[in-house]
Each structure stands twice: as C-alpha cells, then as structure tokens.
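What follows is calculated from the coordinates using simple rules that are stated; it is not laboratory data. Bear in mind the structure is a predicted one, so any value in this text is a computation, not a measurement. In this analysis, Cβ positions are derived from the backbone assuming ideal geometry, glycine residues included, and neighbour counts consider all displayed protein chains.
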Amino acid sequence: MESMKSLADQLREKLVTAPEKEKVPTSKKEPAGSAKSREKPAKATLPIMEAIATFDNSQNKTMVHVRFDSKTADTMNKFKMATNIDVTKFVAFAVKHLFETHPELKTIIKQFIQNTEL
C-alpha cells in the first residue's frame with residue numbers, strides 16, 4: 001500500500017527531477033579567470049539533512065494537529081519537494097531535536113507535573 005502514490009506526489013517528483021534549463025549569456029564574453037568562479041562546488045550532504053533522512057518515525061502512532069502560518073507551511077511543502085522527505089517526518093524530527101537541545105523545556109514540564117500532583 002505504501003507503493004501507491006497520489007497524483008500530487010507524482011507531480012512533485014516530476015517537478016523535482018525535471019532538469020533546469022541553463023541560461024547562456026550570448027552578449028558578453030567573460031574573462032578567462034571567471035569560468036572557475038562560476039563552477040559550483042560539489043554538493044556535500046549536510047549533517048542535519050542526513051539526520052532527518054535517517055530519522056525513523058515509522059513506529060510513531062500518535063497524531064497532533066498543528067497550525068502553521070502560511071509562509072511556514074509553504075516552506076515545509078517546498079522542503080518536501082526539494083528533498084523528498086515527508087513533512088510529518090520533518091516536524092517529528094524538529095520537535096524531538098528541540099527537546100534534546102533544550103532540556104530546560106523538559107524541566108518545566110516535570111515541575112508542572114510535580115505541582116499538579118500535590
């Protein structure tokens with residue numbers, strides 16, 4: 001059932017894999033040294049991208065409805081098209097990373113639980 005893709009997913013894949021047309025300037029000749037500056041360096045995979053890609057959320061069953069402003073939602077959807085990483089996986093990773101990098105948030109929650117149990 002996971003091999004089934006919606007029409008929107010198929011279109012996104014086509015958009016991502018479609019080659020971009022390069023514009024070649026015809027009016028100006030460039031100096032000999034500028035060709036090196038135009039070459040793009042080899043794209044190295046960022047550690048955060050590897051961490052998101054390898055993040056396993058397949059066992060997560062709890063759903064949370066979250067509201068985002070339109071700009072953030074649009075950015076997350078474009079992230080999915082650019083990287084083919086599902087938005088659900090991206091958000092789950094982001095929240096887990098937030099709690100891991102800021103343990104004071106967990107402390108606030110623990111203090112609240114202790115105060116409510118008294």
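Output wanted: per-residue J couplings in Hz (rounded whole) for segment 51-66, from phi through Karplus 6.51 cos²θ - 1.76 cosθ + 1.60, θ = phi - 60°, x for Gly and Pro.
Ordered by residue, 3J(HN,Hα) equals 5, 5, 5, 8, 5, 9, 10, 5, 8, 6, 10, 7, 9, 10, 8, 10 Hz.
Once you have the Cα-Cα distance between GLN111 and LYS71, take 0.36 nm times their residue separation minus that, and quote the gain in nm to one decimal.
Stretched fully, the GLN111-LYS71 segment lengthens by 11.0 nm.
Put +1 on the Cβ of every Lys and Arg and -1 on every Asp and Glu Cβ in segment 45-118; which of GLN114, ILE52, VAL91 then has its Cα farthest towards the positive end of the dipole?
The Cα lying farthest towards the positive end belongs to VAL91.
On a 32 Å Cα-Cα criterion, which of the cross-link pairs LYS5/LYS71; LYS80/LYS110; LYS14/LYS61; LYS14/LYS106; LYS78/LYS110 come out too long? Please list the in-between numbers first.
Values: LYS5/LYS71 26 Å; LYS80/LYS110 34 Å; LYS14/LYS61 30 Å; LYS14/LYS106 42 Å; LYS78/LYS110 36 Å.
In this structure, LYS80/LYS110; LYS14/LYS106; LYS78/LYS110 lie more than 32 Å apart at Cα.
Taking θ as phi - 60°, what are the ³J(HN,Hα) couplings along segment 71-85 by the Karplus curve (6.51, -1.76, 1.60), each to the nearest whole Hz, with x for Gly and Pro?
5, 5, 4, 5, 5, 5, 5, 5, 4, 5, 5, 6, 10, 6, 9
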